[in-house]
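Step one of this worksheet: look at the structure below.
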Amino acid sequence: NKRSKIKLLLKSSKIGEKTTIMGWVRTKRGNKNVSFIAINDGSIINNYQVVADPNVISEDILKRITTGACIKVTGKVVASQGAGQDSELIAEQIEVLGEADTEKYPLQPKKHSMEFLRENAHLRMRTNTFGAVFRVRHALAFAVHKYFNDKGFFYIHTPIITASDAEGAGETFRVSTLDMKNPPLTDDGAIDYSKDFFERETNLTVSGQLEGELAAMALAEIYTFGPTFRAENSNTTRHLAEFWMIEPEMAFYDAEDNQDLAEDFLKSIISYAMEHCSADLEFLDKRAADENAKKPANERTDLGLLERLRFVAEHDFERITYTEAINILQNSKPNKKKKFNYLIEEWGADLQSEHERFLVEKHFKKPVILTDYPKDIKAFYMKQNEDGKTVAAMDILFPGIGEIVGGSQREENMEKLTIRMDEMGISQEELYWYLDTRRFGTTPHSGFGLGFERMVQFVTGMGNIRDVIAFPRTPGNAEF
Ligand code: 4AD
Ligand code: MG
């Protein structure tokens, strides 16, 4: 018999066909005369119904079909009587591929808390919510590659292990094969990394940007899409120690070209997900509405998940400078309900996520591209503006998320760049390879980084970033 993904059985043309499906049992109910088995093989959000007649399927087999078990069913696809789905499978033969002891299987056919499911992250992909999230995540990843491929960008694989800290924030994870209990020492008592595997200090990459710039200086339009690592000790719903980042880098783009590309790109992948994941997103939309209803009135969002996605995909983002944002924040009334006072913000300070969310959710009520930040709160590679105080940076802020993209036009002028590096204590010698792009054939260029998990959060409406990556890495959490 032809083996089929359940998704394909839902097409009406399949009615009358004999087929075999395999999947995991979600529930079994019924009586002495008939059993209804809800099964899922990961291809769909709604479980598929298998009907088993005890005259056909032995009692011994039926007993072993419990929540979590894996089964193989051969039978005939018939039109479904009940509402919800078009067809169901009348079982002629069922094989139990793997039993799941009801006493021990953690996932029961009921609603589990997110905390419980996080503790059981090795099994949570078997729930409806996580099935939907990971199908949407896949679609978004695919949309990223499609978008750039269609535009003629080249996908570059930048190294995971590197000797540089691109963002200069000092939040790197060291990579070493030295015995840290008894490390080799230099004459002045420091750890001697020349004895290490790479004969120098190395760490996991925080960003592929610097290598991406090298590629853009040869292939003109490139993007990276890989894991990045940050040892920032922030236990928030927006931070992971290991997250995936998409970093396009383009020669001949100025800051405005960069903003145009970023806006079009974000809208495009959101639209792709809406088009290709409608059933999953409808499920997640209902879920988000339930979650929203549980929140106190002042924290509820006025738009539902799907409405928000449609709105963002269809409307221009607001574009304002950092200085304009500070003026708005300084002139806004302090929010009495929350303790936070927006007035305390001074020019030069970095925006806190409360400020970002105020601008996006309360003031403009749409995504905001915030540009031209003070140079002292941004990385060394950003292009310096004429005013001597700001750089051609852009952050894109999203409702419910805050910063989703960070980017800039790059400083292409060798002299300006090296003066800035000296000011910030960044070694020209160590980054000689980066400076070679400015030394030889330099040109204006720009790029940005999208935090992939934050985008998955936005599209799925999941409140916690730990719930949009299969195996979240956060402080104290790297079990499997
Ligand atoms: O703003 P960031 O630090 O920018 C860069 O790394 C640049 N090199 C990008 C570039 O211009 N090529 O990080 C970019 C994005 C952030 O806007 C955020 O969405 C995400 O990466 N991000 C994180 N996501 C999850 N967990 C973390 N700890 C994150 N840190 C940054
Ligand atoms: Mg940033």
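Below are the figures for this structure:
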item: Most positive-pole-ward Cα, 216, 131, 441, against dipole of the chain from beta carbon charges; result: 131
item: Packing-based exposure ordering (other Cβ within 10 Å, fewest first) of 346, 88; result: 346, 88
item: Reference-scaled alpha-carbon Rg (2.2 N^0.38 Å with N residues) for region 6-106; result: 1.00
item: Proximal lysines to residue 366, defined as alpha-carbon separation beneath 25 angstrom and excluding residues fewer than eight positions away on the same chain; result: 267, 286, 294, 295, 333, 336, 337, 338, 339, 378
item: Relative intensity, log₁₀ I(q)/I(0), of region 230-370 from a Debye sum that treats every alpha carbon as a point, q = 0.11 Å⁻¹; result: -0.57
item: Residue order, fewest to most surrounding Cβ atoms within 10 angstrom, among 137, 29; result: 29, 137
item: Relative packing of 106-115, 167-176, 48-57, which averages over residues the other C-beta atoms within 10 Å, highest first; result: 48-57, 167-176, 106-115
item: For region 440-451, Karplus couplings with θ = phi - 60° (6.51, -1.76, 1.60), whole Hz, Gly/Pro x; result: 10, x, 5, 7, x, 7, 8, x, 7, x, 9, x
item: Residues of type lysines that residue 2 reaches as a straight line, Cα spacing below 20 Å, ignoring anything fewer than 8 places off in the same chain; result: 11, 14, 18, 72, 76
item: Peptides ranked, highest mean first, by Cβ atoms within 10 Å: ranges 240-248, 144-152; result: 240-248, 144-152
item: Options 329, 116, 455, ranked by Cα towards positive dipole end of the chain, top entry (Cβ charges); result: 116
item: Modelled FRET efficiency - R0 45 Å, residue 479 with residue 386, Cβ distances, 0.05 increments; result: 0.30
item: Separation in nanometres of the label points that stand 7 Å from Cα toward Cβ, at residue 104 and residue 464; result: 2.7 nm
item: Least to most buried among 103, 95, 199 (fewest other Cβ within 10 Å first); result: 103, 199, 95
item: Cα centre as origin, Lys/Arg/Asp/Glu Cβ charges: region 6-106 dipole, Debye; result: 200 debye
item: Signed unit charges on C-beta, dipole axis of the chain, positive-most listed residue 384, 143, 13; result: 13
item: Zone residues, region 311-331, relative to residue 302, backbone N less than 20 Å from point 7 Å out along Cα-to-Cβ; result: 311-319, 329
item: Over region 222-261, volume per residue of the alpha carbon convex hull, in Å³; result: 100 Å³
item: At R0 = 22 Å, FRET efficiency that the Cβ-Cβ distance of residue 2 and residue 97 yields, to 0.05; result: 0.75
item: Check: region 375-451 dipole with +1 on Lys, Arg Cβ and -1 on Asp, Glu Cβ, in debye; result: 160 debye
item: For the chain, calculated [θ]222 nm from helices alone, where every DSSP H run of n ≥ 4 adds -39500 (n - 2.57); result: -9000 deg cm²/dmol
item: Computed over region 216-346: relative contact order in percent, which uses C-alpha pairs under 8 Å that are six or more apart; result: 16 percent
item: Extension gain from residue 176 to residue 471, taking 0.36 nm per residue of separation minus the Cα-Cα distance; result: 103.9 nm
item: Dipole in debye (nearest 20) - the chain, about Cα centre, beta carbon charges: Lys, Arg +1; Asp, Glu -1; result: 3080 debye
item: Inter-label distance, nm, simple model (7 Å from Cα along the C-beta direction), residue 201/residue 289; result: 5.4 nm
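Any read-out appearing in this document is the output of simple, stated calculations on the displayed coordinates, not a laboratory observation. Bear in mind that the values here come from a model prediction, so they are computed numbers and not experimental data. Neighbour counts are summed over all protein chains in view; Cβ atoms, including those assigned to glycine, are modelled from backbone coordinates with ideal geometry.
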